1. Just for the range 1-38: of the residues that are outside any loop (DSSP other than H, G, I, E, B) and of a type in the set (D, E), which one is farthest from R53 (Cα to Cα)?
2. What residue, among those in the range 20-55 that are within 16 Å of the chain's Cα centre (by Cα) and among the hydrophobic types (A, V, I, L, M, F, W, C), is farthest from T3 (Cα to Cα)?
Amino acid sequence: MLTSVMRGRLREPVVVTEQKMGESGHVEKSVKVVKTQPTVKERMAAAEMLARRYGILDGDGGECGVDIFGEEKIADGDVNDDE
């Protein structure tokens, strides 16, 4: 659900009231339900929740450090390096 909100795919029903001037000069009100996309604020909140869920952010909104342990040789970008 969070990814759907973040991408703007989830639609939420919202009640909207409209006022129209009738033929007799009186204001006529009508109510209808429209489906809206999540706001930018809601999409950002969903992205932040996902980042916390997968450990990308810590509790304060900052990035978490990554510690790599082991003795395997890690390539520095040059695949043909035989050292």
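1. Taking the range 1-38 and keeping what is outside any loop (DSSP other than H, G, I, E, B), we get 2-7, 12-21, 27-36.
Now drop any that are not of a type in the set (D, E), which leaves 12, 18, 28.
On the way: E12: 24, E18: 41, E28: 48 Å.
Once the filter is applied, the top-ranked residue is E28.
2. Taking the candidates together, the pick is V40.
Bear in mind these aren't lab numbers, they're just calculated from the coordinates by the rules spelled out. Since this is a predicted model, take the numbers as computed values, not measurements.
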